[in-house]
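Student: What follows is a single structure, and I will ask about it in a moment.
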There are 2 protein chains.
Amino acid sequence: MEQRGLGRLRLPGLLALLAALGVLVVQAALGRRRAQTPRISASRNQNLWPLPVTVRTTPRLLYLSPGNFFFGHSPTSKAGPSCAVLQEAFRRKMELQKLEVSVIMDPECDSFPSITSDESCEYLCHGNRLFTKLLVTDSRARSLETFSQLIYQHSSGTFTANESNIVDSPRFPHRGILIDTSRHFLPIKTILKTLDAMAFNKFNVLHWHIVDDQSFPYQSITFPELSNKGSYSLSHVYTPNDVRTVIEYARFRGIRVLPEFDSPGHTASWGKGQKDVLTPCYHSREPSGTFGPINPILNSTYSFLSKLFKEISTVFPDKFIHLGGDEVDFHCWYETLLTTPLHPFLKPLALEVGVEVVLDMISAMKKTSIVWQEVFDDEGKLTPGTVVQVWKKRNFHMKLRKITAAGFPVIISAPWYLDLISYGEDWTGYYLVEPLNFAGTPEQKQLVIGGEACIWGEYVDATNLTPRLWPRASAVGERLWSHQDVTDLEDAYRRLIRHRCRMVGRGIAAQPLLPGYCEHEGRM
Amino acid sequence: MEQRGLGRLRLPGLLALLAALGVLVVQAALGRRRAQTPRISASRNQNLWPLPVTVRTTPRLLYLSPGNFFFGHSPTSKAGPSCAVLQEAFRRKMELQKLEVSVIMDPECDSFPSITSDESCEYLCHGNRLFTKLLVTDSRARSLETFSQLIYQHSSGTFTANESNIVDSPRFPHRGILIDTSRHFLPIKTILKTLDAMAFNKFNVLHWHIVDDQSFPYQSITFPELSNKGSYSLSHVYTPNDVRTVIEYARFRGIRVLPEFDSPGHTASWGKGQKDVLTPCYHSREPSGTFGPINPILNSTYSFLSKLFKEISTVFPDKFIHLGGDEVDFHCWYETLLTTPLHPFLKPLALEVGVEVVLDMISAMKKTSIVWQEVFDDEGKLTPGTVVQVWKKRNFHMKLRKITAAGFPVIISAPWYLDLISYGEDWTGYYLVEPLNFAGTPEQKQLVIGGEACIWGEYVDATNLTPRLWPRASAVGERLWSHQDVTDLEDAYRRLIRHRCRMVGRGIAAQPLLPGYCEHEGRM
């Protein structure tokens, strides 16, 4: 049975109160130091998701009671009051009273998060009945999420937390959610809500599969006809401003936005607004009227792709661009090549060259490419450093071994296709996947940079995305964040039930895990 | 690809306008008459769900343009302005301008809907460019729903409808949705939203499985401890006022509320607030500390049940009460009986008598009982007229044959357990079920009074109920309303896609059927 959820932090009310009082007091310096906890206990871990590396709590209850509110930065902190990411995180999490906060932030605080961002974090919360002090060392506010999970609201309305200290860092640096805005358009509101939920689960990559066969909602500045003609309608479009909104909202939550412009297959919608970009298919040497993948034998294709990816590499600040490359129907390409003056032996060359040219393009833009596993399977030469994403479930551990043996970094999504649904408690299956359970050297294991839970859009839109994604994706979140040994299902159940109710209380319509209730569920 | 949805009727805006103008004009009498349509066409059926018996439309477009609004009753109509059900239905559907409406309503208009309510309906919508006249013969506003499905909003904002005439009636009188508020509590808002969606799909029974093992949210006036102790929490309770709200909201939509108080199994939550009502289980002749079904050998049980069902029969106006009777664990009963002074030969008698006594109770209250199929299987003597609900999918057509051969009316839900989910387009499976596809006489077929789509609550609450239920339940809705021959999947696809978008436009978060979009989906 689901437990009563945590009392929801009444942020808006407190925020208003604080604004009225004008309380923003910079506190005295408190340097980085190790925690000294008088007694050690792990009894309150039942509220945490994902489980941190080390949590020490004592039975001492600290009252975060109404009254003065202290919210500030250490003068010795490299991150000052100008560190907007932290300011925002405080606004979201820390609107509690009588709470003195000291922070040491990573100097890259306000920059975009990256695969090399230091996500290790620590906090120490101590004090007495009159005074609570929180010392945070953190570049992405991850420890503030953890701290917020340890806060209780008593029936009296008082917020309390046990004296506690956490030291934490993620197991994998790439922890993503894939959303698909081509099969169904997702309103910006839904994407931002997803980013909220991602932050609650310490995910750090939004893999935005933004275009596909069905529609092209990305409004390109260079090629506006792509969305003018290729979107479902002119109100099913992401304007440059929409894209900026998503990227900025993500940045404030320590989340990277990884754009995927899948090619050369999955591009039917591209052909509507861009002449000659697709390969005309032939039937018995006559054009059949249908189109195949991106046409690799025209110069215009490369000129178009170069300009488009140039724009994309500017619009999306992330170091990575996902180029897709999955499920290419080669049949049409071969047929077409038969009708061109190209000599037969040039055929495979044209295909390979096509992909290589694009990979080189991305490389020249100082970006790193991510591709689906077929590109590794089909092509001999992948630019070194290209990341391969494994999505086919069958024998995926074998595939991990092969790709890492060839020296390529890899992202796993094969066991985590959350759009595939079934009756009952399927989260345990996602939870018990061990990403590194393949034969390989430590160097090979090191090449597994993380994984992604994918919620493809064939049967998913704004009406059902959130309950279908959460808390099932939370299982993946803990697998990618927490230690390899965190596999106790019974313990995970207890914590996930609470975590799910906490998400519900925070406005995320996460579906139930089993019969029961949450204390705060009326807002759904 | 999903089509653009219909323009949503801007009800709130129009309502405000009408209130400002004070336009409520009673029109001249127009008697009941048969439609005379100048030309016949079925081209606009693609907007209708479920498909009516007869639809005749002509290409003539009638403009429902801004300006005067005529909204009234025929003086010869048996239903006058006092018929609140119709007034409300008009408010919901007919806030269109320049629309003259004449209505002949069933004299039972404002009474509670019942299994014998005449649901046949007809309307004729004709006129010219300046004037539109709608003649309605209808007791439950079903034809107004149909008419609203034929209204288009042009890009100019003007509402139009083709000249049209429908004559309609349902195939089965019992068309239900089962909701389960015990495994998870559903807020009243969610239940009302479900009633809205039911009306859009011409369902007429809300089967409210209100209590079960997990919780007892029904606040009894006679036995308040049942919910005080047996609910998840005191905020997870349906007060008498909540129940009245649901019944009244349903009545205005021509929907019956059928309460189910499942016993003697599925009653664990009853034991928390009512002493001795459950059978104590024994292990090796010692009490095991656990409890089984309702205790059939204590007089206090029958006195309690009699008072409880007396209250229920008053609170819920429907002629039927669902008594459950499924999945009873007889083991505990037998064990207990071994420890009582009852002679072994009395054991089966006690069990049978228990059920019979309750059935007789309900009968004495002038109500009809509905029971799950196990009661038919396990018991020799069922009170004649007791309705049997078939829920086990395996060989359910065989079971229908047996039950109807024994002369009992039957409700089918076996093939329509919508809480069981799978990837992809499972609605077609629900759609293609033929309820009367069993060997039996016409009299037996006549005993099939309808069916129910069930959305059991183990994994369903307010976060995911609506998208999981709709439009999958719409498939069941058409099966139970429309003619047996309406089985063309391609045609159903076209109509259901539009119907789904229409529901989305009306604020029902019905999930998508396949890749595509709706014109109005931003509100989700």
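The values are calculated or read from the model by the stated rules, or taken from the named source; none is laboratory data. Everything numeric here is computed off the predicted structure, so don't read it as measured data. Please note: Cβ atoms are built from the backbone with ideal geometry, for glycine as well, and neighbour counts cover all protein chains shown.
Student: Of everything in region B:468-524 that's outside any loop (DSSP other than H, G, I, E, B), more than 26 Å from A:L192 (Cα to Cα) and among the β-branched types (V, I, T), which residue is farthest from the chain's Cα centre (by Cα)?
Tutor: Among them, the one singled out is B:I497.
Student: Can you tell me which residue within region B:465-490, out of those that are crowded, with 24+ Cβ neighbours inside 10 Å and among the polar types (S, T, N, Q), is nearest to B:G507 (Cα to Cα)?
Tutor: B:T466
Student: State yes or no: is A:S215 at pLDDT 95 or above, out of contact with any Gly (no Cβ under 8 Å at 6 or more places or on another chain) and in a loop (DSSP other than H, G, I, E, B)?
Tutor: In short, no.
Student: State the number of residues belonging to region A:459-503 that are within 13 Å of chain B (Cβ to nearest Cβ) and among the acidic types (D, E).
Tutor: 1
Student: I'd like to know if region B:337-354 contains one or more residues that are within 31 Å of the chain's Cα centre (by Cα) and at pLDDT 75 or above.
Tutor: Yes, there is a match, as at least one residue in region B:337-354 is within 31 Å of the chain's Cα centre (by Cα) and at pLDDT 75 or above.
Student: Can you name the residue in region B:250-276 that is at pLDDT below 95 and of a type in the set (S, T, Y) and is also farthest from B:E119 (Cα to Cα) among such residues?
Tutor: B:T267
Student: Would you point out which residue out of B:S74, B:S156, B:S82 is among the small types (G, A, S) and either at pLDDT 60 or above or in contact with a helix residue (DSSP H, G or I) (Cβ under 6 Å, 6 or more places away or on another chain) (or both)?
Tutor: B:S156 is the lone residue from the list that is among the small types (G, A, S) and either at pLDDT 60 or above or in contact with a helix residue (DSSP H, G or I) (Cβ under 6 Å, 6 or more places away or on another chain) (or both).
So that you can scan it fast, the table gives a plain yes or no per residue for (1) surrounded by 17 or more Cβ atoms within 10 Å (Cβ to Cβ); (2) more than 18 Å from the chain's Cα centre (by Cα); (3) at pLDDT 70 or above; (4) not basic (K, R):
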{"residue": "B:K93", "(1), (2), (3), (4)": "yes, yes, no, no"}
{"residue": "B:D118", "(1), (2), (3), (4)": "no, no, yes, yes"}
{"residue": "B:L135", "(1), (2), (3), (4)": "yes, yes, yes, yes"}
{"residue": "B:V167", "(1), (2), (3), (4)": "yes, yes, yes, yes"}
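Student: Let me ask something additional. What is the number of the single condition among (1) surrounded by fewer than 22 Cβ atoms within 10 Å (Cβ to Cβ); (2) in contact with a Ser or Thr (Cβ under 6 Å, 6 or more places away or on another chain) that A:R171 does not meet?
Tutor: (2)
A quick yes/no check of all residues on (1) of a type in the set (D, E, K, R); (2) closer than 25 Å to B:G516 by Cα:
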{"position": "A:K445", "(1), (2)": "yes, no"}
{"position": "A:G450", "(1), (2)": "no, no"}
{"position": "A:A453", "(1), (2)": "no, yes"}
{"position": "A:G457", "(1), (2)": "no, yes"}
{"position": "A:L469", "(1), (2)": "no, yes"}
{"position": "A:E478", "(1), (2)": "yes, no"}
{"position": "A:W481", "(1), (2)": "no, no"}
{"position": "A:D488", "(1), (2)": "yes, no"}
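Student: Give the number of residues within region A:386-425 that are more than 21 Å from the chain's Cα centre (by Cα) and either within 14 Å of chain B (Cβ to nearest Cβ) or over 15 Å from A:V448 (Cβ atoms) (or both).
Tutor: Within region A:386-425, residues that are more than 21 Å from the chain's Cα centre (by Cα) and either within 14 Å of chain B (Cβ to nearest Cβ) or over 15 Å from A:V448 (Cβ atoms) (or both) number 6.
Student: In addition: From B:T279, B:T314, B:T301, grab the single residue that is out of contact with any Gly (no Cβ under 6 Å at 6 or more places or on another chain) and over 20 Å from B:S114 (Cα atoms).
Tutor: B:T301
Student: Which of the numbered conditions does B:P442 fail, given that it passes all the others? Conditions: (1) surrounded by fewer than 18 Cβ atoms within 10 Å (Cβ to Cβ); (2) farther than 21 Å from B:T116 by Cα; (3) not charged (D, E, K, R).
Tutor: (2)
Student: To continue, here is another question. Can you name every residue in region A:361-405 that is without any contact (Cβ under 8 Å) to a residue 40 or more places away in the chain, surrounded by 14 or more Cβ atoms within 10 Å (Cβ to Cβ) and either not β-branched (V, I, T) or not assigned by the TED database to the domain that holds A:H266 (or both)?
Tutor: Of everything in region A:361-405, those that are without any contact (Cβ under 8 Å) to a residue 40 or more places away in the chain, surrounded by 14 or more Cβ atoms within 10 Å (Cβ to Cβ) and either not β-branched (V, I, T) or not assigned by the TED database to the domain that holds A:H266 (or both) turn out to be A:S363, A:F376, A:E379, A:L382, A:K392, A:F396, A:K399, A:K402, A:A405.
Student: A further question on this structure: Could you list, in sequence order, the residues of region A:403-445 that are of a type in the set (A, V, I, L, M, F, W, C) and in a loop (DSSP other than H, G, I, E, B)?
Tutor: If the condition is that a residue be of a type in the set (A, V, I, L, M, F, W, C) and in a loop (DSSP other than H, G, I, E, B), then A:A406, A:F408, A:A414, A:W416, A:L418, A:L420, A:I421, A:L432, A:V433, A:L436, A:F438, A:A439 are the ones that fit.
Student: Can you name every residue in region B:444-465 that is farther than 14 Å from B:T181 by Cα and in contact (Cβ under 8 Å) with a residue 12 or more places away in the chain?
Tutor: Residues satisfying the conditions are B:Q444, B:K445, B:L447, B:V448, B:I449, B:G450, B:G451, B:E452, B:A453.
Student: Here is a follow-up. Going by what's in this entry, would B:A453 be described as crowded, with 23+ Cβ neighbours inside 10 Å, of a type in the set (G, A, S) and not in a helix (DSSP H, G or I)?
Tutor: Yes; evaluated as a whole, the condition is true for this residue.
Student: Could you run through region A:218-231 and say how many residues are part of a loop (DSSP other than H, G, I, E, B) and surrounded by fewer than 24 Cβ atoms within 10 Å (Cβ to Cβ)?
Tutor: Total satisfying the criteria: 6.
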